[in-house]
Structures are given as structure tokens and as C-alpha cells.
Amino acid sequence: MKKILILGAGGFGQMVKETAEQLGYDEIAFLDDAAKGSAVIGKCCDYSSRFGEYQTAVAAFGNNNTRLYWTNRLLEKGYEVPPIVHPSAVVSPSAILAPGCFVMQRAVVNTHSQIGRAALINSGAVVDHDSTVGEGAHVGLGSIVKANATVLPGKKVEEGEVVFAARRKIEGADSRALEDALYAFGFGTHCSYVKPFGEGHINETYAVYMPSENGKDEPYYVIQRLNTNVFKEPGKVMENIYGVTEYLRKVIWLEGGDPDRETLSYIKTKSGDNYFEDHEGLPWRCSNFIENSVCYQMVENPEQFYQSARSFGHFLKQLGDYPAASLYETIPDFHNTPKRFQAFSQAVQRDVKNRARLCREEIQFVLDREKDCGVLMEQLEQGKLPLRVTHNDTKLNNILFDKDTGKGLCIIDLDTIMPGLAANDFGDSIRFGASTAEEDEKDLQKVHFDLNLYKLYVKGYLEMARDVLTPAEVKSLPWGARLMTLECGMRFLADFLQGDVYFKTAYGEHNLVRARTQFRLVKEMEEQFETMCRIAEEETKLNS
Ligand code: ADP
Ligand code: GN1
Ligand code: MG
């Protein structure tokens with residue numbers, strides 16, 4: 001004999017009675033203060049005296065407060081107060097149902113949702129996954145509680161109403177745009193916090209921390225606002241990146257490597273887009289965070305630089321068969337040094353911020369080198385140098401190293417992947433890494449071009465790329481170093497003259513300071529150019 005006492009013999013009480021019958025209860029009695037009938041055996045307050053005779057009871061009142069009130073009394077008395085689930089309802093095995101709640105005909109309670117004490121999920125309602133319905137709440141007929149949403153205790157969700165997930169405050173998401181982006185990529189409900197990350201000059205970068213299996217918060221994703229002052233067509237940047245990273249995954253797979261760590265993987269928004277556009281129309285994109293990796297702003301030991309050379313050489317090789325024609329030119333004439341020179345001269349002539357007076361010597365340094373600017377472009381135009389798929393921004397902080405092995409792991413910052421010259425990729429690495437100081441060192445006495453580091457880079461780069469490079473390309477490498485350094489210096493100086501509109505700066509003369517370090521390096525490279533060429537030749541012989 002399965003007995004149950006139902007408090008409340010109104011319309012809802014009758015529904016519960018029919019449900020109880022279907023659940024196999026064969027002795028069902030009501031307590032009700034007003035209703036009459038043979039099944040009503042007393043008033044609600046008699047629940048106390050009936051305890052023992054009945055061990056199982058529920059409170060089946062339509063009114064939320066009353067239902068919760070009597071459920072609590074029954075529990076206090078010691079009754080077993082089960083959740084009542086109609087056989088036609090669908091309840092996930094991972095859902096948690098508290099005592100005295102009701103899930104009526106054809107209602108759905110989805111994965112990991114929680115239904116509070118005495119809550120009522122009425123016929124045809126849907127509570128989607130990871131939602132919470134508070135105690136005594138009522139989710140009305142046919143209404144929908146969307147995933148991750150919360151229905152507050154005692155609340156009535158009207159028939160047919162849709163309840164959306166309210167946003168939680170995410171630590172570190174200080175702007176509406178960042179918060180919107182986090183939700184757009186689906187991290188809003190779970191991420192622990194976000195924080196600014198990295199030392200790039202162009203994009204706004206954040207690490208997204210999530211709770212990990214060991215209970216600690218770990219960075220799982222990198223979310224970036226792409227700089228539209230620099231990249232005018234973000235859609236095209238992202239198409240390039242998706243094309244290249246998906247291609248690299250396949251190559252790495254075939255090489256027997258780990259595609260999840262050796263290339264970036266970009267994540268689409270929940271709407272399936274390559275990037276998210278915020279309320280100001282600015283683009284945000286998201287990639288995986290490469291775990292157990294480290295990024296350096298300056299070479300800490302020569303081995304690192306050698307490893308970075310191997311990585312960039314390998315990268316060139318990996319993309320050797322990538323269809324270059326499918327790539328958009330994300331920044332037209334990015335490493336067209338003669339055009340950079342023209343833009344620089346124009347910035348000097350216009351001198352919009354009246355800053356030229358502060359850097360006459362530096363300006364002259366560039367003007368004296370006008371004819372150098374064309375050396376590589378001319379060889380390209382004459383067909384002596386081939387166009388390859390190149391990275392175009394190969395500085396040391398655009399590569400991640402494996403923390404355990406110290407080897408180059410993953411090339412990042414893929415925004416400028418375009419057809420270009422191998423010498424430029426080689427040269428940009430030398431510019432940044434074969435220096436004894438950081439790019440923005442104020443004390444020029446500390447800034448030197450380090451020939452030993454240069455030699456090590458040539459060795460590592462050629463070890464990986466020797467068999468794809470033509471003899472003319474190998475010969476062009478030292479010029480790549482000179483010209484990338486000169487070009488970068490003139491870009492910094494032009495930006496200084498224009499009022500720091502391109503590169504991120506931390507103080508007024510930051511771009512000027514950067515330009516000075518570059519010119520210092522150029523000067524030393526010029527002085528040692530013959531040795532640089534000889535080293536490239538010797539290393540080529542050693543590698544062939
Ligand atoms: P920017 O164009 O501003 O240089 P980057 O894409 O290079 O932007 O990112 C800036 C910095 O953020 C990098 O130098 C690196 O330290 C860090 N970073 C970027 N993406 C990742 C990633 N997926 N995993 C780990 N660190 C990253
Ligand atoms: C910029 O994005 P980031 O910080 O890796 C710049 C490079 C410059 C470099 C100088 C798209 O690189 O071209 O060489 O600063 N990137 C772009 O440090 O302009
Ligand atoms: Mg970068």
C-alpha cells in the first residue's frame with residue numbers, strides 16, 4: 001500500500017492527485033480548510049495529527065507562498081515530501097529536484113538544472129540546462145526558462161513567458177564591449193575573470209581565466225580587440241587567419257606535432273561568426289591560450305634566439321605550399337620600404353604636431369638612407385626574389401616558447417600574414433632580438449647589434465629553411481635585417497611626428513625613444529655589414 005496525503009484539494013490538488021495515481025499511490029487523501037468531499041479527511045492543520053498514519057505528504061497549492069509554507073511544515077514534522085514528477089515529463093538525470101517540487105505533464109527540466117523546494121514547473125514548461133528555479137517559484141504553463149537563467153524564489157513566470165539568463169558581473173570586464181564580447185564567445189556564465197595581457201603595440205589583449213579541474217583559475221582563452229586604425233578590414237584579417245591556422249593544423253598533424261599547441265586555434269562566436277562586433281562596431285576575436293608557454297620581450301639567453309630562428313624558418317617552410325593568392329593584403333604595402341620612406345617624408349613636411357624640431361638628427365638619419373630603401377623591392381620587381389607566404393611581424397614576442405623544453409612552440413600574431421619577402425621576416429627578427437637592449441631602451445649606450453646573436457639566428461633559420469630558399473634569397477637576408485630595422489625606425493619616428501596615432505605609447509616621447517634604438521642598430525649593422533654577409537654565406541655552406 002502506497003499512501004500519500006495531499007494538502008490542498010483545489011484544481012491543482014486534483015492534478016497532483018491524478019499524477020500521484022499514475023505514480024502508483026493507491027491511497028490518496030486530502031487536507032483542505034474549505035473544500036468538502038469524501039477524500040478530504042480534515043483541515044490543513046491536521047497534518048500533525050495524521051503523521052504516522054501517513055508518512056508521505058505534499059502541499060499542492062497554486063499559491064506560491066502557501067505551497068512553500070505548508071511544504072516547510074510537512075518537512076519539519078518529519079514527513080517524506082517527494083518531488084512529484086508526472087510520467088510524461090522529461091527530467092535530466094543530472095537535474096536536482098528539491099523536496100515538494102512539482103514537474104507537471106510534458107514539462108522538461110534539462111541538464112544540470114536545479115528546481116527548488118515546493119517550486120512548480122507547470123505543464124508544457126521548459127527549464128533549459130544549467131538554470132535555477134528558486135523555492136516556491138512557479139514556472140507557468142508553456143513558459144521557457146532559458147539556459148543559465150535564474151527564477152528567483154517565490155517568483156511567478158507567467159504562462160508563455162521566456163526568462164533570459166541575467167548577466168553576472170565578470171571581474172576585470174570593465175567595459176561594456178569586453179563584457180559583450182565575453183558573452184558572445186560563450187564565456188559569460190563560466191569565466192572567473194579577465195585581465196589585460198601581453199605587450200603588443202597594436203591590439204588590446206586579455207587573458208580569460210576559467211575554473212580548471214584542479215579547482216584553480218587558469219587562462220584558457222585570449223580575447224583581443226583588433227585595432228581598426230591599423231586593420232581597416234577585420235573580416236579579411238580573420239579570413240586569412242582562419243585559412244592559415246586551419247591549414248597549419250593539418251601540416252602539424254602530418255608532422256606528428258600537437259596541433260593544439262603548435263598553432264593558434266580561433267574560436268567562433270556563438271552565432272557562428274569569425275569575430276564579434278561590439279556596440280561601437282569594433283571587432284573582437286578569440287583564440288585558445290597556449291598553456292605552459294612563455295613569451296619573452298628580450299632574448300634572455302642565446303639558445304632562445306636560436307630556437308626562435310628555427311621556429312620562424314620552420315613556419316616559412318610549413319606555409320611553403322599555402323595558396324598565397326588566397327590571402328588578402330591586410331595592410332597594403334606593409335613592408336614596401338620605399339613607400340614607407342615617402343610616408344615618412346610627408347610626415348616630416350607636414351609636421352602636424354610641430355615635433356620635427358625635437359628630432360632633426362633622427363630625421364636626417366633617415367633622409368640620408370633614401371636609396372637603401374629600394375634595395376629589396378627592386379630585386380622583387382626584377383623577379384630576382386620570389387614572393388612567399390610570410391608572417392611580416394616576426395619579433396620575439398610574437399612567438400611562444402614551451403616552458404618545459406625551452407623550444408619555440410607557436411607563432412602568434414598572425415594579422416599580417418601576407419605574401420612577402422623571406423628577408424623581411426628574417427630581418428624583423430634580427431631587428432628585435434639581436435639587440436642587447438629592449439626596443440624602447442632610453443640609454444643608447446646599452447643598445448648594440450649583437451653579431452653573435454645574429455650568427456645564431458642565421459644558423460637556426462637556415463637549418464630549417466635552407467632547402468626552400470633560393471641563393472638570391474639567402475644573399476638578401478643581411479639586407480632584410482638592415483632594412484627592417486631602418487623601416488621600423490622610420491615608422492616609429494613618423495608616428496612620433498604625427499602625434500602617436502599608430503603604435504601604443506606609454507609616454508610622450510616613447511616613439512622617438514623607439515626610433516633612436518632602431519637607428520643605433522642600423523648604424524652598427526652598416527658598420528658590420530660585410531661580416532653579416534660573410535656569416536650568411538658561411539652558414540649557407542655549412543647547411544648545404
Ligand atoms: P599585438 O598585435 O598587439 O602584438 P598579439 O597577438 O601579439 O597582439 O598579442 C599580444 C601579446 O599577448 C603577445 O605578445 C603574447 O605575449 C600574448 N598572447 C597573444 N596570444 C596568445 C596566446 N594565444 N597564448 C598565449 N599568449 C598570447
Ligand atoms: C607592431 O603588433 P606587434 O606589437 O607585434 C607592428 C610591427 C612592428 C612592431 C614594432 C601590425 O607589432 O610591424 O614591427 O610593432 N605591427 C603592426 O615593435 O604594425
Ligand atoms: Mg604581437
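The values are calculated or read from the model by the stated rules, or taken from the named source; none is laboratory data. Please read these numbers as outputs of a predicted model, since none were measured by experiment. Cβ placement follows ideal geometry from the backbone for every residue including glycine, while neighbour counts extend to all protein chains displayed. All accessible areas refer to the heavy atoms of the entire protein, side chains included, with ligands and DNA or RNA removed. Shrake-Rupley method; radii C 1.70, N 1.55, O 1.52, S 1.80 Å.
Some observations on this one:
- Partners of LYS232 within straight-line reach, counting lysines whose Cα lies under 18 Å from its Cα and excluding those fewer than 8 residues away in the same chain: LYS504.
- Per residue, the accessible area of region 87-158 comes to 39 Å² when a 1.4 Å probe rolls over the protein heavy atoms.
- Label-to-label distance for GLN528 and GLU233 is 4.2 nm, based on points extended 7 Å past Cα in the beta-carbon direction.
- Centroid-to-centroid, using Cα positions, region 335-404 and region 219-279 are 27 Å apart.
- Along its principal axes, the chain has C-alpha extents of 110, 53, 39 angstrom, given from the largest down.
- Among the protein heavy atoms, those of THR111 account for about 50 Å² of accessible surface (1.4 Å probe, every chain in place).
- Members of LYS236/LYS407; LYS17/LYS146; LYS2/LYS77 lying beyond 26 Å, as alpha-carbon distances in this model show: LYS236/LYS407; LYS17/LYS146
- Average accessible surface for region 175-221: 48 Å² per residue, computed with a 1.4 Å probe over protein heavy atoms with every protein chain in place.
- For region 299-452, fraction of C-alpha pairs farther apart than 27 Å, in %: 35 percent
- Cα shape, region 63-193, gyration tensor, a/c 1.5 rule: prolate
- Antiparallel DSSP beta bridges within the chain, percent to nearest 5: 45 percent
- Contact order relative to length of region 207-290, as percent, for alpha carbon pairs under 8 angstrom and 6 or more apart: 33 percent
- Relative to the current alpha-carbon distance between LYS195 and LYS371, full extension at 0.36 nm per residue lengthens the span by 58.8 nm.
- Accessible carbon and sulfur surface of the chain relative to its total accessible area, %, 1.4 Å: 49 percent
- For a label point 7 Å along the Cα-to-beta-carbon line of ASP404, residues of region 250-292 with backbone N under 14 Å: 258, 261-262, 291-292
- Within straight-line cross-link reach of LYS475, lysines at Cα separation under 22 Å, skipping those fewer than 8 residues along the same chain: LYS317, LYS371, LYS384, LYS395, LYS455, LYS459, LYS523, LYS541
- Computed per residue of the chain from DSSP H runs no shorter than four, each worth -39500 (n - 2.57), the mean residue ellipticity at 222 nm is -11500 deg cm²/dmol.
- The accessible-area ordering, largest first, of the residues LEU542, LEU367 stands as LEU542, LEU367, per a 1.4 angstrom probe.
- Heavy atoms of ASP33: accessible area, 1.4 Å probe, square angstrom to 10: 90 Å²
- Using the average count of surrounding beta-carbon atoms within 10 Å as a protection proxy, the listed peptides 123-133, 40-50 rank, highest first, as 123-133, 40-50.
- Computed from the C-beta positions of SER265 and GLU80 and an R0 of 60 Å, the FRET efficiency is 0.70 to the nearest 0.05.
- Between region 154-210 and region 13-75, the Cα center-to-center distance that results, in Å: 45 Å
- Probe 1.4 Å, protein heavy atoms only - accessible area per residue of region 376-532 in square angstrom: 35 Å²
- Rounded to the nearest angstrom and listed largest first, the equivalent-ellipsoid semi-axes of region 141-204 from its Cα gyration tensor are 34, 11, 8.
- Contour minus Cα-Cα distance for GLU213 and TRP253 (0.36 nm per residue): 11.7 nm
- Within the chain, the selection of entire DSSP H helices by a Cα span of 27 Å or greater along the long axis and an average Kyte-Doolittle value of at least 1.6 returns an empty list.
- Estimated from the Cβ-Cβ distance and a Förster radius of 41 angstrom, the FRET efficiency linking LYS3 and ASN63 is about 0.95.
- Close amide H partners of VAL151, meaning residues 5 or more places away or on another chain with modelled amide H under 5 Å apart, are THR132, VAL133, GLY134.
- Sparsely packed loop sites in region 486-544 (the trypsin sites (Lys or Arg not before Pro) outside DSSP H, G, I, E and B with at most 14 other Cβ atoms within 10 Å) comprise LYS504.
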